[in-house]
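Peer 1: Below is the structure I would like to discuss, written out as structure tokens.
What follows is calculated from the coordinates using simple rules that are stated; it is not laboratory data. Model, not experiment: these values are computed from the prediction. All Cβ positions, even for glycine, are placed from backbone atoms using ideal geometry, and neighbour counts span all protein chains on display.
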Amino acid sequence: MESLRSRRRWLRLSALVATLGSLLGVAACTSSSSKSASSSSSSASSSAESTNSGTVTAGANDLQTAYENTVRAVLPSVVQITAGDSLGSGIVYDNKGDIVTNAHVVGSATSFQVTLANSSTTVDASLVASYPANDLAVIKLKSVPSGLKPAAFGDSSKVAVGQIVMAMGNPLGLSSSVTQGIVSAVGRTVSESRSADNPQGATIPNMVQTSAAINPGNSGGALVNLNNEVIGINTLAAVDSSQSGSSAQAPGIGFAIPASSVTRLADQMIKSGKVTDSGRAALGVTVRTVLTGTSADQTGVGVVSVTSGGPAAKAGLQAGDIITKVDGKDTPTVSQLSEVLATLTPGQQVQVSYLRGGATRTATVTLGTL
């Protein structure tokens, strides 16, 4: 009996050992397969990384080539303009020697020295026309050198946020310099403060905002896409006045006049010697910011004079009136009035609220052309 029990225990033990052996064999096999799969995965991952690395390198090389091609294609069309003690940039507009630039670059001067990108000698130029309201001007070379290369201007409607751009010009006198960035925004309305070169200041609609660095001397230069097209004229950088009461240039925020405005206005100036149709709305008044109450923040736009037969005059506005709203928007300062008008169009009818003798009045004004 004892022998039978021992034999049964031995059989159960043998079965247990066999089962454990089988399990251990399966486990080992699974581990081996796992190692094999891991090895294959590692090999595939390494191969993928190698492929991705090659793709990234190729992409980087393609982008660098695109940059270099654009610089070679467009930079020869960007010139340096010297007006007395001032220095700025310009863009060759046509093969007749016309050059577009900012009105604040030419200032009150009528004669200039122009240095081409591929030359160290200067060429004399004279003023064709200046339009400070849009900070745009055209000058003309007195003698057209051989090989003068006009720039190609792009379609403003195709400019989109995120597009890669380059700013070309002569910042701080460093000729033929290039910076890069992206289009940060489109359709910006930006006001320029008054200066010696532009005593009236300017409010410019539909500007292209860019992260490409725009420094003094870049004004009038080209904002260019990778299709070798000028999409705007570099005009100004944003100013941050919040730092300890002082004003400093805000990095990465610059603005350019869109190509559509440049070509439309430049064509008029070249043909007629002036802007004949700005496409911008006007009230036909001369104004200044005035106090409307006892505190400094109670202000409005005082009418200094009214153009005879102009939109405001026809609507009954007079010198001494204080404009407080246009088209439902507050106009506490001249700058804000200009910004509102920049969003409107000639021929549009708007409601104008104003103070006369302390009483609020409203008139319907059919806007004229600036």
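Peer 1: Can you compute the modelled spin-label distance between Leu226 and Ser308, with each label point 7 Å from Cα toward Cβ, in nm?
Peer 2: 5.9 nm
Peer 1: Enumerate the calculated ³J(HN,Hα) couplings along the stretch 79-96 in order (Karplus 6.51 cos²θ - 1.76 cosθ + 1.60, θ = phi - 60°), each rounded to whole Hz, writing x wherever the residue is Gly or Pro.
Peer 2: 3J(HN,Hα) across the stretch 79-96, in whole Hz: 10, 9, 10, 10, 10, x, 8, 9, 9, x, 10, x, 10, 5, 8, 8, 7, 9.
Peer 1: Separate question: Once you have the Cα-Cα distance between Leu63 and Asp124, take 0.36 nm times their residue separation minus that, and quote the gain in nm to one decimal.
Peer 2: Contour length minus Cα-Cα distance gives 18.2 nm.
Peer 1: Kindly write out, for the stretch 330-340 in residue order, the coupling ³J(HN,Hα) from the Karplus curve 6.51 cos²θ - 1.76 cosθ + 1.60 (θ = phi - 60°), rounded to whole Hz, with x marking Gly and Pro.
Peer 2: Couplings: 5, 10, x, 9, 4, 4, 6, 4, 4, 5, 5 Hz.
Peer 1: Right, next: If the only charges are +1 at each Lys and Arg Cβ and -1 at each Asp and Glu Cβ, what is the size of the charge dipole of the stretch 281-369 around the Cα centre, to the nearest 20 debye?
Peer 2: In total the dipole reaches around 220 debye.
Peer 1: Quick one: 3J(HN,Hα) in Hz for the stretch 101-106, Karplus 6.51/-1.76/1.60 with θ = phi - 60°, rounded, Gly and Pro as x.
Peer 2: Karplus-based 3J(HN,Hα) across the stretch 101-106 equals 7, 7, 5, 6, 6, 7 Hz.
Peer 1: Another question, then. In whole percent, what relative contact order does the stretch 99-233 give with Cα contacts below 8 Å and a gap of six or more residues?
Peer 2: Across the stretch 99-233, relative contact order equals 26 percent.
Peer 1: For the stretch 157-261, report the % of Cα-Cα distances exceeding 21 Å.
Peer 2: Within the stretch 157-261, distances greater than 21 Å cover 31 percent of Cα pairs.
Peer 1: On to the next question. Report the local net charge at Ala151: Lys and Arg +1, Asp and Glu -1, summed over other residues whose C-beta lies under 12 Å from its C-beta.
Peer 2: Every neighbour counted, the sum reads -2.
Peer 1: Rounded, prolate or oblate: which fits the stretch 308-357, taking a ≥ b ≥ c as square roots of the Cα gyration tensor eigenvalues, rounded meaning a/c under 1.5, else prolate when a/b beats b/c?
Peer 2: Taking the square roots of the gyration eigenvalues as a ≥ b ≥ c, the stretch 308-357 is oblate.
Peer 1: Could you work out how far apart the two model spin labels at Gln318 and Lys158 are, taking each label as a point 7 Å from the Cα in the direction of the beta carbon, and quote it in nm?
Peer 2: In this crude spin-label approximation the distance works out to 5.5 nm.
Peer 1: Over the stretch 219-370, with a single point scatterer placed on each C-alpha, what log10 of the ratio I(q)/I(0) does the Debye formula yield at q = 0.14 1/Å?
Peer 2: Values, matching the q order: -0.86.
Peer 1: Say the cut-off is 21 Å between C-alpha atoms; which of Lys274/Lys314; Lys96/Lys274; Lys142/Lys274; Lys271/Lys314; Lys96/Lys271; Lys96/Lys158 go over it?
Peer 2: Over 21 Å apart, Cα to Cα: Lys274/Lys314; Lys271/Lys314; Lys96/Lys158.
Peer 1: I would also like to ask the following. How far apart, in nm, are two points set 7 Å out from the Cα along the Cα-to-Cβ line at Val144 and at Ala296?
Peer 2: 5.5 nm
Peer 1: Now for a different question. Shape verdict for the stretch 281-369, please, from the Cα gyration tensor: rounded (a/c under 1.5), prolate (a/b greater than b/c) or oblate.
Peer 2: The shape class here is prolate.
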